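Following: one structure in structure tokens, then a few remarks.
The values are calculated or read from the model by the stated rules, or taken from the named source; none is laboratory data. Predicted model, so just to flag it, every value in this text is computed and none were measured. Quick reminder, even Gly has a Cβ in these numbers, built from the backbone with ideal geometry, and neighbours come from all protein chains shown. Surface areas here come from the heavy atoms of the whole protein model, side chains and all, with no ligands, DNA or RNA. Shrake-Rupley method; radii C 1.70, N 1.55, O 1.52, S 1.80 Å.
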Amino acid sequence: MNNKIRRCLRLVILCFAFVVAFFGCSTKAYASKDVTSKLKNDKGIKWITKNMIYYGAIEHERGNISNNKIVKFKMNATNKYSIAAVLTANKYRKYDSKKYKEPKYKDNKLYMPLINVSYANKLYKKLYGSNVNYEKVKNKKGYFLKKKKKCYAIFGEFGTVIPKYSIEEIIKKKKGIYRITAKIKLKMDDGSQIYTVGTMWITVKKDKKATYGYKVKNISYTMLN
């Protein structure tokens, strides 16, 4: 009887050792890995980061301050399109200044020129790796107005500052998925000062079909005064 118990105990120990070894290897295989030095200068990573940070700088200058609270961006069609539309107007200057709307927003009037929707749609695909379903895009108060096939987006000037960024870290979360940590910065146009106004975390997925090799999956950020 004792020999049978010993054999059973040995079997249990061997099984336990196998399970520990297996899951230990699996954990190592999917552990996060710092790939900053490898991807920091990647063309696609830089292009995506530059665009997302530019949008973040616009949010900051509009007074959307979170004071260290992390804001998780909801990646629905409307919110994703708001980034493409706002960048189309402000970063790429694809708009018609003679055609605009002036809706009221927080007791003020906003200047919203008619943007080049075709350009915004292409930018959307470059950012997210898929065509926009324009029917699912709804108006976003304070950001853009959709009028059938036309779109009017918020527009403004940065004044004496210029949006800048720095990539602090890139972590490989799992195969093909990376999280970029980047600082949102503003530079005085005379070059006298550069200061950090926030941090943005951008999760991207490697995609061979994407224009720049990656597509944006999620973003979150925190803004400082």
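Structure summary
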read-out	value
Thr211 being among the polar types (S, T, N, Q) and touching a strand residue (DSSP E or B) at 6+ places or on another chain (Cβ under 7 Å)	no
Unmet criterion (only one of (1) at pLDDT 95 or above; (2) open to solvent by 60 Å² or more (accessible area, probe 1.4 Å); (3) within 23 Å of Asn64 (Cβ to Cβ)) for Lys106	(1)
Flag if Lys101 is among the basic types (Lys, Arg), over 19 Å from the mean Cα position of the chain (by Cα) and open to solvent by 20 Å² or more (accessible area, probe 1.4 Å)	yes
Residue pairs meeting the criteria (Cβ under 6 Å; at least 6 apart or on separate chains; first over 11 Å from Val216 (Cβ atoms) and assigned to a loop (DSSP other than H, G, I, E, B), in the range 123-143; second open to solvent by 30 Å² or more (accessible area, probe 1.4 Å) and among the hydroxyl-bearing types (Ser, Thr, Tyr))	Gly142/Tyr105
Subset of the range 130-155 [open to solvent by 30 Å² or more (accessible area, probe 1.4 Å) and either over 21 Å from the mean Cα position of the chain (by Cα) or farther than 22 Å from Pro103 by Cβ (or both)]	Ser130, Asn131, Asn133, Glu135, Leu145, Lys146, Lys147, Lys148, Lys149, Lys150
Qualifying residue in the range 155-163 (condition: among the charged types (D, E, K, R), more than 24 Å from Lys125 (Cβ to Cβ) and not in a strand (DSSP E or B))	yes
Members of the range 193-225 that are under 27 Å from Arg62 (Cβ atoms), open to solvent by 80 Å² or more (accessible area, probe 1.4 Å) and of a type in the set (Lys, Arg)	Lys217
Pick from the range 171-192, criterion among the hydroxyl-bearing types (Ser, Thr, Tyr) and surrounded by fewer than 19 Cβ atoms within 10 Å (Cβ to Cβ), ranking: farthest from Lys33 (Cα to Cα)	Ser192
Qualifying positions in the range 156-170 - under 30 Å from Lys38 (Cα atoms) and open to solvent by 20 Å² or more (accessible area, probe 1.4 Å)	Ile162, Pro163, Lys164, Tyr165, Ser166, Glu168, Glu169
Pairs where the first residue, in the range 30-42, is more than 11 Å from Ile170 (Cα to Cα) and the second is in a strand (DSSP E or B), C-beta under 7 Å, 6+ apart	Tyr30/Lys174
Candidates Lys91, Lys69, Lys122, Lys80, filtered to the one that is surrounded by fewer than 16 Cβ atoms within 10 Å (Cβ to Cβ), closer than 24 Å to Val204 by Cα and under 18 Å from the mean Cα position of the chain (by Cα)	Lys69
Residue tally, condition part of a strand (DSSP E or B) and either in contact with a helix residue (DSSP H, G or I) (Cβ under 7 Å, 6 or more places away or on another chain) or more than 9 Å from Thr160 (Cα to Cα) (or both), over the range 177-195	12
Out of Tyr134, Tyr119, Tyr124, sole residue that is under 13 Å from Ala85 (Cα atoms), at pLDDT below 95 and among the hydroxyl-bearing types (Ser, Thr, Tyr)	Tyr134
